[in-house]
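Chemist: Please find one structure pasted underneath; my questions will follow.
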Amino acid sequence: MPDTDISLVHIEEAAWRIRPIAQKTPVLTSRSFNSAAGIQAHFKCENFQTGGAFKIRGAANFIFSLSEAEKPKGVVAFSSGNHAQAVSIASERAGIKATIVMPDDAPKLKLAATRAHGAEVIIYDRFQGTSREAIGKKISAETGAILVPPFDHPKIIAGQGTAALELLKECPDLDTLVVCVGGGGLLSGCAIAAKALNPRIRIYGVEPERASDVKQSLVKGQIVEIDQPDTIADGLRTPKPGVLTFPLIQQLVEDILLVSEDEIRAAVKFLLLRMKILAEPSGAVGTAAALSGKLPKDAKRVGIIISGGNVDPEVLAACIV
């Protein structure tokens, strides 16, 4: 295991801590998908999660762990959407102020939902060389607000790992787990939980070809930062993996699989029209990898995490035409 203090115990503690707000999401199967992909797939549907995505797990674990002295300071976060919503929702439940830094091209649905839960939203242009991290840190320094990282923090990683904890307890005999990867919080947390519960399971991350920073980092053996990715999968536009998440991915994940924009759209369309599951493009990359034959031939019983379902109607329409 990597040199980290994140263990199954911390993930189980997170599961207990977030019970008041996080849903135990369903695991669904589909004969038509199994036939098309040649596997037995078990979909962990985080699109049915509070806030429409897995992010509430990590955000709630972090925010619900704040001390009484920290709570009056409020929190600040930066996100293209799902983490923003999650921090807003968890902060509203905890009764603390939230300030969220979001790009001006964030999905309208996610922007509106973040504001609906009372957060103050600060807009920036991600193509003008402006660092969202720098903006968030500046707000934190000026106001004293606690910075809630989108992925690179033990409390966030442990919270995200509760998705795999639930999945493996329901489906303990999976031989493969497929998880999308942006910054790596969900993938690393799920990898810790899955390997602890089933040491023989193989874990694959999936990212868009246009946002292959994690794949490039694995190949090079060190963190690689890429230019701002231009992909339909807006939740996976993180330009580099985290300092904490990357070593975990190196140690626990078999490989990172890449999918094209067309493969992502086809997966969104299949999930919606054939399985009646609404997934955002970021949430469908694992499905895309399975449908396009990217998994190893001996993968049979496969868990696939659908990470979220927050998608603007215009994007959805472009996927199903």
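The values are calculated or read from the model by the stated rules, or taken from the named source; none is laboratory data. Every value quoted in this text rests on a predicted model; they were computed, and no experiment measured them. Note: ideal-geometry Cβ built from the backbone for every residue, glycine included; neighbour counts use all protein chains shown.
Chemist: Got at least one residue in segment 110-118 being surrounded by fewer than 24 Cβ atoms within 10 Å (Cβ to Cβ), within 18 Å of the chain's Cα centre (by Cα) and not assigned by TED's automatic domain parsing to the domain that holds residue 16?
Modeler: Applying the first criterion (surrounded by fewer than 24 Cβ atoms within 10 Å (Cβ to Cβ)) to segment 110-118 yields 111-113, 115-118.
After this cut, where a residue has to be within 18 Å of the chain's Cα centre (by Cα) as well, the list is 111, 113.
From what is left, the residues that are not assigned by TED's automatic domain parsing to the domain that holds residue 16 are 111, 113.
Yes, that holds for at least one residue.
Chemist: A follow-up question, please. Give the residue that is surrounded by the fewest Cβ atoms within 10 Å (Cβ to Cβ), with candidates limited to residues of segment 78-109 that are basic (Lys, Arg) and out of contact with any strand residue (DSSP E or B) (no Cβ under 8 Å at 6 or more places or on another chain). Working first, answer last.
Modeler: As a first pass, look at segment 78-109 and keep what is basic (Lys, Arg): 93, 97, 108.
Narrowing the set further to residues that are out of contact with any strand residue (DSSP E or B) (no Cβ under 8 Å at 6 or more places or on another chain) leaves 93, 108.
Working: 93: 16, 108: 13.
Going through the qualifying residues, I end up with 108.
Chemist: To continue, here is another question. Anything in segment 119-142 that is in contact (Cβ under 8 Å) with a residue 24 or more places away in the chain and within 17 Å of residue 63 (Cα to Cα)? List them, or say none. Spell out the reasoning first.
Modeler: Applying the first criterion (in contact (Cβ under 8 Å) with a residue 24 or more places away in the chain) to segment 119-142 yields 119, 121, 126-127, 132-133, 135-136, 139-140.
Selection gives 119, 136, 140.
Conditions tested, residue by residue: (1) assigned by TED's automatic domain parsing to the domain that holds residue 203; (2) out of contact with any helix residue (DSSP H, G or I) (no Cβ under 8 Å at 6 or more places or on another chain); (3) of a type in the set (S, T, N, Q).
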{"site": "237", "(1), (2), (3)": "yes, no, no"}
{"site": "263", "(1), (2), (3)": "yes, no, no"}
{"site": "270", "(1), (2), (3)": "yes, no, no"}
{"site": "280", "(1), (2), (3)": "yes, no, no"}
{"site": "287", "(1), (2), (3)": "yes, no, yes"}
{"site": "296", "(1), (2), (3)": "yes, yes, no"}
{"site": "303", "(1), (2), (3)": "yes, no, no"}
{"site": "312", "(1), (2), (3)": "yes, no, no"}
{"site": "316", "(1), (2), (3)": "yes, no, no"}
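Chemist: Hey, could you check segment 120-151 for residues that are touching a helix residue (DSSP H, G or I) at 6+ places or on another chain (Cβ under 9 Å) and among the aromatic types (Phe, Trp, Tyr) and say which is surrounded by the most Cβ atoms within 10 Å (Cβ to Cβ)?
Modeler: Among those that are touching a helix residue (DSSP H, G or I) at 6+ places or on another chain (Cβ under 9 Å) and among the aromatic types (Phe, Trp, Tyr), it is 151.
Chemist: Moving to a separate point now. Restricting to helices (runs of 4 or more DSSP H) lying wholly in segment 19-107: which have 1 or more residues that are in contact with a Gly (Cβ under 7 Å, 6 or more places away or on another chain)?
Modeler: On the way: elements: 31-37, 55-63, 82-94.
Filter on segment 19-107 gives 55-63, 82-94.
Chemist: Being at pLDDT 95 or above, small (Gly, Ala, Ser) and assigned to a helix (DSSP H, G or I) is the filter here, so list the residues in segment 230-286 that pass it.
Modeler: 266, 267, 282, 283, 284, 286
Chemist: Pick from 286, 308, 235: which is touching a Cys at 6+ places or on another chain (Cβ under 7 Å) and closer than 16 Å to residue 180 by Cα? Steps first, please.
Modeler: Details: 308 fails: touching a Cys at 6+ places or on another chain (Cβ under 7 Å); 235 fails: touching a Cys at 6+ places or on another chain (Cβ under 7 Å).
Exactly one of 286, 308, 235 is touching a Cys at 6+ places or on another chain (Cβ under 7 Å) and closer than 16 Å to residue 180 by Cα, namely 286.
Chemist: Could you grab me the full set of residues in segment 102-156 that are within 23 Å of residue 214 (Cβ to Cβ) and among the hydrophobic types (A, V, I, L, M, F, W, C)?
Modeler: Residues satisfying the conditions are 102, 106, 127, 134, 147, 148, 151, 156.
Chemist: Would you be able to say whether some residue in segment 185-197 is in the same structural domain as residue 50 (by TED's automatic domain parsing) and in a loop (DSSP other than H, G, I, E, B)? Steps first, please.
Modeler: Kept after step one, since they are in the same structural domain as residue 50 (by TED's automatic domain parsing), are these residues of segment 185-197: 185-197.
Filter once more, keeping what is in a loop (DSSP other than H, G, I, E, B): none.
Scanning segment 185-197 turns up no residue that is in the same structural domain as residue 50 (by TED's automatic domain parsing) and in a loop (DSSP other than H, G, I, E, B).
Chemist: Could you look through segment 165-182, keep only residues that are assigned to a loop (DSSP other than H, G, I, E, B) and not aliphatic (A, V, I, L, M), and pick out the one that is farthest from the chain's Cα centre (by Cα)? Break it down stepwise before answering.
Modeler: Residues of segment 165-182 assigned to a loop (DSSP other than H, G, I, E, B): 171-175, 181-182.
Filter again for not aliphatic (A, V, I, L, M), leaving 171-173, 175, 182.
Working: 171: 20, 172: 22, 173: 23, 175: 21, 182: 7 Å.
Once the filter is applied, the top-ranked residue is 173.
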